[in-house]
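Okay, so here's the structure we're looking at.
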Amino acid sequence: MSEAAGTASRGAILPLYAAGFVTAFGSHGIAANLGFTGDLGEQLVTLGILLALYDGAEIVLKPVFGALADRVGLRPVLLGGLFGFALASAAFVLVGNPALLGLARFAQGAAAAAFSPSAGALIGRIAPSTGQGRAFGGYGAWKGLGYTAGPLLGGVLVAAGGYPLLFTVLTVLAIAVFVWAVILVPDPPPLPRRRQGLGQALRGLADPGFLPPTLALASSAAALSCGVGFLPLVGASDGLSPVATGAAVSVLAVVAAVSQPIVGRIRDAGRLPDRTALVVGTLLTAVGLAVPAVVGHLVGLLVAAAVIGLGTAVITPVAFAVLAAWSPPERIGQTMGSAEIGREIGEAGGPFLTGVLAAAFGLGGGFLGIAVLVALTAFGGLRVRRRTV
């Protein structure tokens, strides 16, 4: 690839990174601040459900929009989703009824189900085959930044102007990314698709090129979501200030954001085998989740945040690169949409399970339980392989 072509490719990918930030910020910027209204902060199961609401729409609709993108084109579905996200956010502000917050979140999740897998699939189509790890590392870094910085930025906006201000900012952000994508993101034509029966589709979901990286993505998303949603509650139970707990979440964000592009470059250079990355990354993530169960106070929070951030940073770019290499090009939208079900199940189910376990056994027990479940998924990484032609 020439230098000019490489520069154009990087320029086209940047709006896709921004789209990843929008969906992550929209998810956690709202959900993390629901726990500070009324007595919800004391109701761990309720908090877990509220953290999962946005993701429910994504779980149902991402495969649908991914398959649609393969048929009509990735760019139209990307742009339609961004516009729909802006519309859902603006509608909440214009209606001005706080009781519709849940409906607005579901509508935002439905729109994100369109543009999120399309963004990932476009990166797979646009980025050179020798730079997939680095490209997905940047994408994962910006999504991780949205997940982890969202609670802090969302809290500031809610404190300054309530939910209307937060939804106004989300509207402006989505419109800005929409315009940016219109200008720079190319429109690769849909590729001819071979007929695929139900049996073939089901076998594809169980294939070692699809299931292990998807399972790893689910584990990393569960850990990230639990870290953002429950580490502040651990700090609060130890008497730490919101500033201290916010710092712990910020450490998670910084470690994940800085590390993912580095991991991607190492993987592209052939110095990090895919199997090793997925197994080690998953085990690191599990260790980070277990830390709050044995080490308390600020030190425990900071160590947990750093290790979770590093573990997810190892998993994310490698898992997406494996999926892009495994997927038939004409079905990459469907592949990414199906794979992101795993992420959303992890992101929704992780906090819910942690909340249930924490309600029964305390916060330490909740973290230890989810750490064991994540550690068990590391065995899947041993089966990862690329599609053979």
Each label sits 7 Å from Cα toward the beta-carbon; between Val299 and Ser237 the label points are separated, in nm, by 2.0 nm
Classified through the alpha carbon gyration tensor (a ≥ b ≥ c as square roots of its eigenvalues; rounded if a/c is under 1.5, else prolate when a/b is larger than b/c, else oblate), the stretch 254-335 comes out prolate
Checking rank on 15-21, 371-377, with mean other Cβ inside 10 Å and highest first, the result is 15-21, 371-377
Mean Cβ-within-10 Å packing, highest first, puts peptides 68-75, 223-230, 147-154 in the order 223-230, 147-154, 68-75
Taking a crude spin-label model, label points 7 Å out from Cα along the C-beta direction, the Leu153 to Arg275 distance in nm is 4.0 nm
Fraction of alpha-carbon pairs in the stretch 276-380 farther than 22 Å apart, rounded to whole percent, equals 36 percent
At the level of C-alpha centres, the distance separating the stretch 117-180 and the stretch 219-286, in angstrom, is 17 Å
Note on the chain: alpha-carbon gyration tensor, axes a ≥ b ≥ c; rule is a/c under 1.5 for rounded, else prolate if a/b larger than b/c, else oblate; result oblate
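Read-outs throughout are calculated quantities, based only on the coordinates presented, and are distinct from any laboratory measurement. Values in this document were obtained by computation on a predicted structure and should not be read as measured data. Here the Cβ is made from the backbone with ideal geometry for all residues, glycine too, and neighbour counts use every protein chain on show.
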